[in-house]
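Input: a single structure, listed below in structure tokens.
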Amino acid sequence: MIKVNIEVNSKSWHKKIKNQKKYFSKKLKKISKIVKFFRGKNITFTILLTNSSKMKKLNKKFRKRNKATDVLSFPFFSTNDLKSIKEKNFYIGDIAVSYEIINLRSKNNNFFVEFDKVWVHGLLHLVGYNHIKNKDYFKMSGIEKRILNSLTQ
């Protein structure tokens with residue numbers, strides 16, 4: 001089971017997603033069936049629904065990039081450490097998402113489709129996926145597509 005703590009510090013998110021807990025719980029049930037890592041475990045993460053100004057500050061502080069970005073992931077464990085965890089209950093990290101960037105992208109697509117792409121991407125980073133090498137990119141991209149397809153059904 002995957003649990004999420006939701007922090008909202010931008011009013012725009014409240015207007016767009018009235019019941020964030022319900023929104024995520026339905027989607028996380030589907031994800032736990034697709035990603036093997038989640039099976040048989042009780043995993044928790046936090047998502048911060050914020051704005052571009054806060055994202056810029058976080059990006060500058062943690063990645064030394066002085067610009068806003070769509071999503072940031074802060075894994076609690078390294079990929080190697082994740083593989084060696086024996087406990088069934090643990091915290092995997094934090095994700096931050098920018099409302100303005102998602103909203104801007106949704107001019108060409110549905111807001112919720114764009115939002116799901118971003119937070120799912122962040123969640124996969126929390127469980128050790130990355131896109132540094134081409135083979136890793138294709139592996140992560142394939143899992144993202146499977147998850148996103150299941151979320152729209």
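The values are calculated or read from the model by the stated rules, or taken from the named source; none is laboratory data. All of these numbers come straight from a predicted model, not from anything done at the bench. Positions of Cβ are generated from backbone atoms using ideal geometry, with glycine treated the same way; all protein chains shown enter the neighbour counts. Ligands, DNA and RNA are excluded from the accessible area calculation, which covers all protein heavy atoms including side chains. Shrake-Rupley method; radii C 1.70, N 1.55, O 1.52, S 1.80 Å.
Table for the structure above
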| item | result |
| --- | --- |
| Set of lysines near Lys135 by C-alpha distance (under 21 Å), chain-local residues within fewer than 8 positions excluded | Lys36, Lys83, Lys117, Lys145 |
| Binned Cα-Cα distances of segment 64-140, short to long, each 5 Å bin given as a whole percent | 3, 14, 20, 20, 20, 13, 6, 3, 0 |
| Degrees, to the nearest 10: 134-151 long Cα axis against longest axis of the chain | 70 degrees |
| Prolate/oblate/rounded call for segment 8-61, Cα gyration tensor, a/c under 1.5 rounded | oblate |
| Gyration tensor verdict on the chain (Cα atoms; rounded if a/c is under 1.5, prolate if a/b is larger than b/c, oblate otherwise) | rounded |
| Accessible area per residue in Å² at 1.4 Å probe, computed on the chain | 60 Å² |
| For Asn5, distant residues with modelled amide H under 5 Å away | Phe45, Thr46, Ile47 |
| Long-range HN-HN contacts of Tyr91 with modeled amide H, under 5 Å | Thr44 |
| Segments 96-108, 3-15 sorted - mean Cβ within 10 Å per residue, highest first | 96-108, 3-15 |
| Debye, to nearest 20: dipole size of the chain, +1 on Lys, Arg Cβ, -1 on Asp, Glu Cβ | 120 debye |
| Helix-only [θ]222 nm of the chain, DSSP H runs n ≥ 4, -39500 (n - 2.57) each, per residue, nearest 500 | -16000 deg cm²/dmol |
| Rounded Å value of the spacing that divides the Cα centres of segment 77-98 and segment 122-137 | 13 Å |
| Using alpha-carbon coordinates, inclination of helix 111-126 to the longest axis of the chain, degrees | 40 degrees |
| Accessible area of segment 12-153 belonging to carbon and sulfur atoms, whole % at 1.4 Å probe | 51 percent |
| In Hz, Karplus ³J(HN,Hα) per residue of segment 64-77 (6.51, -1.76, 1.60; θ = phi - 60°; x = Gly, Pro) | 6, 10, 8, 7, 6, 9, 6, 8, 10, 10, 10, x, 7, 10 |
| Cα long-axis angle, helix 20-34 against the chain (0 to 90 degrees, to the nearest 10) | 40 degrees |
| DSSP-defined antiparallel bridges as percent of all bridges, segment 3-110, nearest 5 | 25 percent |
| Accessible area (Å², 1.4 Å probe, nearest 10) - Phe138 | 130 Å² |
